[in-house]
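Written out below as C-alpha cells is the structure these notes cover.
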Amino acid sequence: MAEYPIFDGHNDTLLRFYQDDDVSYRDLFRELDSGHIDLVRARRGGFAGGFFAVWAPNKERIAPDSMPDTSKPFTPPAVDFEFARSCALRMTADLFRLEAESEGQIKVVRTADELQQCIDNEIFAAILHFEGAEAIDKDLDALEVLYRAGLRSLGIVWSRPTIFAHGVPIAFPSSPDIGPGLTDAGKRLVKRCNELGILIDLSHMNEKGFWDVAALSDAPLIATHSNVHALCPISRNLTDKQLDAIKASDGMVGLNFATGFLNEDGAWDSDRPLDVMVRHLDYLVERLGETRVGLGSDYDGARVPDAVGDVSKLPNLIAALKDAGYNDDLLQKLSHQNWLRVLRRTWGG
C-alpha cells in the first residue's frame, strides 16, 4: 500500500472518455500517454480513487489548454434537460461498466465503510458525483432513481444557470457574489439531498447560493474542489467568511489543482513551483483546522501544475508538503482520512 493513499475530491475522467474519440472507458486499465488518470499511473502515484464527475458539456468545449478569458465574467449558456440526461446516462453507465469489467480492481462506493475497505485493500474507489443538476427534473424523480443507482454527491450547479440555482461565472479578479441564489426548486433539492444523505458540493455556487444552502442544509458544508479567494481572487474561490462557515459546520474543502485558481495573478500557466499549492493548503489548514482539508484535483478537467501533471506525480506534492513541515499524521489526514471523516458524517456508515 502507498505510504499516503490519496483519495481525491474531483476528476473529469468520465467526460474525457465521453468527448475524446481516441479513448474509451476501457483505456482506464492501461497506461496512457495523455490525460491525467489511468490505473497504471494511479498505482505508481498512490492514487486510491476519487469523486468521478458526470457533467453535460456545452456545445463549445472548454479545453484545459484553452481556458476562457476571465477578465470579464464567463458564463456558458444553460443546457437542456434531455441533452443533459443523455450525457449523464452515458457517463454513469461507463462508470458502472468500468466496475463490472475491472475484475475487482474498481468499486463504485456508496458508504464510508466501503471506501475504507477499498483503501485498505488497494481497490480503486469511485464515488458517482454529478457536477450540475441539469439531468434532474424539478419534481426530483430522477434524483430518487439516481440515488438508488449509486449517486452520492451532487453539485447543484456548474458555472451556468439551472432550474435550481445560478452557478458562479468565472471572473478574475472578482468576488463570488455574482447573481441570485437558490430557486424554490433548488431549496427542495437541498432538503431532499439531506434526507437521502447525498453530499451537496458547493464548489460552483455563487455566494448567494452558498449562503442559501448554508441556511437550509443540516449536513456539513463541502466544497470538493475549491481554493482560497484571499490568495487568488477569482470568483470560483472561497472567501474567508465562506471558509469560516464551512468550519462551523464541520465540513471540508478539497484543494483544486487548476492553475488559474491557484496562481495569485490568475494566470493559467503550469510551469510554476508547487509552493503555490502549499500556500493554499497552509491557509486552508490554518483557517479550517487539520481535519477539514483534503485534495480535489480537477484532473482531466483543468490545466494543472507540471509537477503534478498526472496522478503518477502526486508523490511530488507529498514531498513538497513534507519539506514545508507537514508531519505524517497531517499527511494521512490530507491524503484520505479527512474525506472518510466528512463522508461518514454526511452519509452515515
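The values are calculated or read from the model by the stated rules, or taken from the named source; none is laboratory data. All values reported here derive from a predicted model rather than from experimental measurement. Neighbour counts run over all protein chains shown; Cβ positions are idealised from the backbone, glycine included. The area values use the complete protein model at the heavy-atom level, side chains included, leaving out ligands, DNA and RNA. Shrake-Rupley method; radii C 1.70, N 1.55, O 1.52, S 1.80 Å.
Peptides 258-264, 283-289, 321-327, 333-339 ranked from most to least packed give 333-339, 258-264, 283-289, 321-327, packing being the mean of other C-beta atoms within 10 angstrom over each peptide's residues.
Listed values for region 27-35 are Karplus-derived 3J(HN,Hα) couplings in whole Hz (6.51 cos²θ - 1.76 cosθ + 1.60, θ = phi - 60°), namely 5, 4, 7, 10, 6, 9, 9, 8, x, and x replaces Gly and Pro. Ranked by solvent-accessible area (1.4 Å probe, protein heavy atoms only, all chains present), the residues 103, 195, 114 order from largest to smallest as 103, 195, 114. Projected label points at residue 89 and residue 195, each 7 Å from Cα along the beta carbon direction, are separated by 2.6 nanometres.
With protein chains left intact and a 1.4 Å probe, residues in the chain average 38 Å² of accessible area per residue.
Can you compute the FRET efficiency between residue 248 and residue 22 using 1/(1 + (r/R0)^6), with r the Cβ-Cβ distance and R0 = 45 Å? Round to the nearest 0.05. It would help to have the intermediate numbers written out before the result.
Working: r = 46 Å, r/R0 = 1.03.
FRET efficiency, residue 248 to residue 22: 0.45.
Count charges around residue 172 for me, please; just the other residues with Cβ under 11 Å from its Cβ, Lys/Arg as +1, Asp/Glu as -1. Before the final figure, lay out the partial values.
Working: positive: 72, 236; negative: 69, 264, 265.
Within the 11 Å Cβ shell, the charges total -1.
Springs between Cα atoms under 10 Å define the GNM used for the chain, and in it the highest mean-square fluctuation of 226, 86, 297 occurs at 86.
From its DSSP helices (H runs of at least four residues, each -39,500 (n - 2.57)), the chain gives a residue-normalised ellipticity at 222 nm of -10500 deg cm²/dmol. Among the protein heavy atoms, those of residue 268 account for about 40 Å² of accessible surface (1.4 Å probe, every chain in place). Distant-in-sequence amide contacts of residue 7, defined by a placed amide H-H separation under 5 Å and a gap of 5 or more residues or a different chain, comprise 48, 336.
Quick one: with all protein chains in place, what share of the accessible area of the chain is carbon or sulfur, to the nearest percent (1.4 Å probe)? List each step's numbers first, then the result.
Numbers: 6340 of 13200 Å².
Carbon with sulfur: 48 percent of the solvent-accessible area.
These residues, 144, 3, 290, go from largest to smallest accessible area, 1.4 Å probe, as 3, 290, 144. Residue 1 contributes about 120 Å² of solvent-accessible surface, heavy atoms of the protein only, 1.4 Å probe.
Around residue 261, what is the net charge, scoring Lys/Arg as +1 and Asp/Glu as -1 over all other residues with Cβ under 14 Å from its Cβ?
Details: positive: 236, 272, 279, 303; negative: 264, 265, 269, 298.
Local charge sum for residue 261: 0.
Our estimate of slack between residue 141 and residue 286, defined as 0.36 nm per intervening residue step minus the Cα-Cα distance, is 48.1 nm.
Given a 1.4 Å probe and heavy atoms of the protein chains only, how would you sort 312, 34, largest accessible area at the top? If you can, show how the numbers build up before the last one.
Working: 312 30, 34 50 Å².
Output order, biggest surface exposure first: 34, 312.
Near residue 252: Cβ cut-off under 11 Å, other residues only, Lys/Arg at +1 and Asp/Glu at -1. The net charge is +3.
Mean-square fluctuations from a GNM of the chain, with a 10 angstrom spring cutoff on Cα atoms, peak among 74, 210, 130 at 74.
Is the chain rounded, prolate or oblate when judged by the Cα gyration tensor, a ≥ b ≥ c being the square roots of its eigenvalues, rounded requiring a/c under 1.5 and prolate requiring a/b larger than b/c?
On the way: a/c = 1.22, a/b = 1.07, b/c = 1.14.
Since a/c stays below 1.5, the shape of the chain is classed as rounded.
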